[in-house]
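Following: one structure in structure tokens, then a few remarks.
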Amino acid sequence: MSFLSTYHKSFAMDPHLFEEDYTERRHSGNAFLFKIPVGGPDSFFYYDKAVFALAISLSEKNAKLNELYRTLPPLGQEQLIQHLFLDDAQASNEIEGLPTTKEGLFTLLQKKGRVDRFSLIVEEYSLLSQHQVSSPKSLEEIRTLYDQLIGTEDAETPIEKPDGRLFRKGPVGIYGGLELAPIHRGILGEEAIGQALNEALSIAKNPEIDFFSRSALFHFFFETIHPFYDGNGRTGRFLLSIAYQEEAGAVAPFILSAAIRKHRPAYYRAFKEAEDQRNKGDATTFVCPFLKIIDSGYDDTLAYLQKKQNLAEQLRAKTSPFVKTAAEKRLMEALLEASVYGDFGLTVLALSEAGKVGSATVNRFLAKLKKNGVLWIRRFGKKDYFLFPSPNTSL
């Protein structure tokens, strides 16, 4: 369904008709008014038909995604979530201009006690995958989450920490490309920042707005308020992931940054147009294209899962001749799930736990697979990880 934003209507319509249309939208029964300044003294959201259709589409696709996820065995679910959260953490880093590899992030995941910035990012995503973080309910909780996610300044990734009690006191401008003027300025003054964030927290809990729209609104307002000097984008996306975990299930939180990375120009354009004064504070100008981005992310993930299910059947057919006992069948299924839904395979210890057998049995089975050329071995740190090659690989 097509959507023409207030921003684009300001160019396409006669000025008098535009003002009438804007006034009707802003004061209709489908509008929500907010005390957050965006290109003016306040802002609003209008339940456009296109937004309503996207919310329904997202709800249906989310239900289908959760249904597919529930068909996976526990180890397959665990491996899929690890794959997705590493991909999402990598995407979030790339959006911030901090290129990393999934291998590097996986290595950090195996190490405990490190406090550098990348390790903290991986740790927070890991906690999210284990349902050990929750949406902030106060300004203090927003600051606590920020500190946990961003950490302390280091030489490789310097950050400017807030100089107010919770947030920044000074002005901030966001620059892009070769533009001399900032493309975005955050709200000025810590008191004003706090008031706007409290309003945004209320929006995030408003039951009169569907989850997908209100989470998009909170994301838009958080980034527009820009409460910190550094780390707003990463913190805002992580807050979005927490909200999706609480409302949408186990998988959805880990598809968001990847979807944003794929459609980054449209994502930034939505911010720019929604914050333009000609848009008159209409947050729908951001919400609709943003929901389209997330809807596309659901499409990609559903297609990926379907492809992986087909791959599992192909791989099971190719490896089944090497299975002779019940214990070997359990080990084969564990390897298959890690190979199909994960990225790096399983250690001997993990296979022993999954197969409910001793390490000697695991090593004998691995030796047989290796002898027959159906085993890949990858080393991370001091540990070997085992997995099956792709069915397209000659066995």
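Residue 167 meets the conditions (1) under 30 Å from residue 78 (Cβ atoms); (2) at pLDDT 80 or above; (3) not polar (S, T, N, Q) in every case but one. The failed one is (1). Restricting segment 369-391 to residues that are out of contact with any strand residue (DSSP E or B) (no Cβ under 9 Å at 6 or more places or on another chain) and part of a strand (DSSP E or B), the residue that is nearest to residue 328 (Cα to Cα) is 383.
Quick check: is even one residue across segment 3-20 touching a strand residue (DSSP E or B) at 6+ places or on another chain (Cβ under 9 Å), outside any helix (DSSP H, G or I) and under 27 Å from residue 209 (Cα atoms)? Within segment 3-20 (the criterion being touching a strand residue (DSSP E or B) at 6+ places or on another chain (Cβ under 9 Å), outside any helix (DSSP H, G or I) and under 27 Å from residue 209 (Cα atoms)), the answer is yes, since at least one residue qualifies.
Taking the criterion of being buried (at least 17 other Cβ atoms within 10 Å of the Cβ) and free of Cβ contacts under 8 Å to residues at least 24 places away in the same chain, the only residue of segment 309-331 that qualifies is 323. In the set (1) assigned to a helix (DSSP H, G or I); (2) buried (at least 19 other Cβ atoms within 10 Å of the Cβ), the condition left unmet by residue 306 is number (2).
Could you please let me know if residue 330 is in contact with a helix residue (DSSP H, G or I) (Cβ under 6 Å, 6 or more places away or on another chain), within 30 Å of residue 51 (Cα to Cα) and either charged (D, E, K, R) or assigned to a loop (DSSP other than H, G, I, E, B) (or both)? So residue 330 does not fit the description; no. Report yes if residue 196 is in the same structural domain as residue 144 (by TED's automatic domain parsing), in a helix (DSSP H, G or I), closer than 20 Å to residue 25 by Cβ and among the aliphatic types (A, V, I, L, M), otherwise no. Spelling it out, it is not the case that residue 196 is in the same structural domain as residue 144 (by TED's automatic domain parsing), in a helix (DSSP H, G or I), closer than 20 Å to residue 25 by Cβ and among the aliphatic types (A, V, I, L, M). The test for being within 23 Å of the chain's Cα centre (by Cα) and buried (at least 16 other Cβ atoms within 10 Å of the Cβ) holds for residue 274. Scanning segment 345-395 for residues that are within 25 Å of residue 308 (Cα to Cα) and of a type in the set (Gly, Ala, Ser), we see that the one that is modelled with the lowest pLDDT is 394. Checked against the criteria, residue 227 counts as crowded, with 21+ Cβ neighbours inside 10 Å, under 18 Å from residue 143 (Cβ atoms) and in contact with a Leu (Cβ under 9 Å, 6 or more places away or on another chain). In the set (1) free of Cβ contacts under 8 Å to residues at least 24 places away in the same chain; (2) β-branched (Val, Ile, Thr); (3) surrounded by 13 or more Cβ atoms within 10 Å (Cβ to Cβ), the condition left unmet by residue 340 is number (1). Taking the criterion of being surrounded by 18 or more Cβ atoms within 10 Å (Cβ to Cβ) and at pLDDT 95 or above, the residues of segment 182-198 that qualify are 190, 193, 194, 196, 197. Checked against the criterion of being at pLDDT 90 or above, farther than 22 Å from residue 248 by Cα and touching a Cys at 6+ places or on another chain (Cβ under 8 Å), the candidates 48, 21, 14, 42 yield just one match: 48.
The values are calculated or read from the model by the stated rules, or taken from the named source; none is laboratory data. Here the structure is a predicted model, which means the values were calculated and not measured. A quick note on method: Cβ atoms are made from the backbone with ideal geometry, for glycine too, and the neighbour counts reach across all protein chains shown.
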